[in-house]
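Comments concern the structure below.
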């Protein structure tokens, strides 16, 4: 296995996929210059210390004649958790606790870095939880405590509960919202666009609908089972499925339906092995009504809707639940799932369900679960985001960085 490592320190010969800021990385200086990453297979002694970008190729990448094609892994260590991945043609947008990276996946290392400092306030917060590309091809970026930001060409617009516009100037283009017209909260966890291209935003204070100018926010008073919303999925009929800290909601535009552990969501925590998550719950979970000590079957972090119309819900420590409209079925490590903390879900072009867990990247072929871990080439077993490009490449955002999986032909494990 060959490994190449690069950093983004001032004066380094190249830079990693790490947003360089003194706040996020004490070794990185603002304004650090970038130079190309070494081509695959190169090794150079000067790059052996304080290194932050790694490309790893499995030792068995080239199959012997007559054997099945092996998986090829390429790993990029970002120095921070990759919370979200968004595909935009050949570009990958990566959201980290330290900023945003736009990576040209057709190159070794060509990328742009966006932080609050580099964008002069275009981003209000470096903590990024979600990125989604809208129908016009523009990235919307949901942050921890900095609201929602849009990059429209080279122009940044930011939306908050209080107003919207160019935060860098708070000038004539800044619009103050009247009460009830702003974004639900400064903490944004998911973004989705419905069949009418309307944008919906999951926040810690409800579900916000954007009308192009301002927002309408739905709360527990309207029918949400809990105001902390983490995931949104749009069904074929246009209805929304929502993952919250109190269970699941379906919203058809008029009526709300709620599902909780009592209905079948999530596994019984008392029957699961005790395990601390790699990422502790946020500070608000220290409150008595939100305290989390172990698994919570009603705490839904991710949703996927498959080709057969089945709904999948990933929970905080209580496994992965499938709902067919009538019955609930829950999968945990006992059934072969990689881990019981399910951070992200997705459906690839072959129709396979993938789950990013605290025990690797698992996929389900309708009969059984299989999982990729560090033993196979995955950078880290804690997987928080995933994406699938038009070429069939699988991308996984992990605790340590980004993993790229290429398979010459066939499905994983074929």
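Please work out which residue is nearest to the chain's Cα centre (by Cα), limiting yourself to the stretch 122-138 and to residues that are buried (at least 17 other Cβ atoms within 10 Å of the Cβ) and more than 18 Å from residue 344 (Cβ to Cβ).
Residue satisfying both the conditions and the ranking: 126.
Would a scan of the stretch 367-378 turn up a residue that is touching a strand residue (DSSP E or B) at 6+ places or on another chain (Cβ under 6 Å) and closer than 23 Å to residue 104 by Cβ?
yes
Looking at this structure, is residue 127 at pLDDT 95 or above, under 21 Å from residue 384 (Cα atoms) and touching a strand residue (DSSP E or B) at 6+ places or on another chain (Cβ under 7 Å)?
Considered against the rule, which asks whether it is at pLDDT 95 or above, under 21 Å from residue 384 (Cα atoms) and touching a strand residue (DSSP E or B) at 6+ places or on another chain (Cβ under 7 Å), residue 127 comes out as yes.
When the residues of the stretch 77-86 are filtered to those that are assigned to a strand (DSSP E or B) and modelled with pLDDT of 95 or more, which remaining residue is nearest to the chain's Cα centre (by Cα)?
84
Can you confirm whether residue 171 is surrounded by fewer than 16 Cβ atoms within 10 Å (Cβ to Cβ) and more than 17 Å from residue 138 (Cα to Cα)?
So residue 171 fits the description; yes.
For residue 94, state whether it is assigned to a loop (DSSP other than H, G, I, E, B), buried (at least 22 other Cβ atoms within 10 Å of the Cβ) and on the phi < 0 side of the Ramachandran plot.
Spelling it out, it is not the case that residue 94 is assigned to a loop (DSSP other than H, G, I, E, B), buried (at least 22 other Cβ atoms within 10 Å of the Cβ) and on the phi < 0 side of the Ramachandran plot.
Among the residues of the stretch 236-263, what is the count of those that are surrounded by fewer than 16 Cβ atoms within 10 Å (Cβ to Cβ) and touching a residue at least 60 places away in the same chain (Cβ under 8 Å)?
2
Criterion first (at pLDDT 95 or above and touching a helix residue (DSSP H, G or I) at 6+ places or on another chain (Cβ under 7 Å)) does residue 312 satisfy it?
Answer is no for this residue.
Condition check ((1) at pLDDT below 95; (2) within 16 Å of residue 331 (Cα to Cα)) across all residues:
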position	(1), (2)
349	yes, no
353	no, yes
360	no, yes
371	no, yes
377	no, no
383	no, no
387	no, no
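Of the residues that make up the stretch 102-109, is at least one free of Cβ contacts under 8 Å to residues at least 12 places away in the same chain and either within 23 Å of residue 194 (Cα to Cα) or surrounded by fewer than 17 Cβ atoms within 10 Å (Cβ to Cβ) (or both)?
yes
Could you pull out every one of the strands (runs of 3 or more DSSP E) wholly within the stretch 324-378 that has 2 or more residues that are in contact (Cβ under 8 Å) with a residue 60 or more places away in the chain and surrounded by fewer than 24 Cβ atoms within 10 Å (Cβ to Cβ)? Lay out the reasoning, then the answer.
Numbers: elements: 328-331, 342-347, 353-357, 360-364, 369-372.
Answer list for the stretch 324-378: 328-331.
The values are calculated or read from the model by the stated rules, or taken from the named source; none is laboratory data. Given the structure is predicted, the values throughout are model-derived calculations rather than measurements. So basically every Cβ, Gly included, is an ideal-geometry build from the backbone, and we count neighbours across all protein chains shown.
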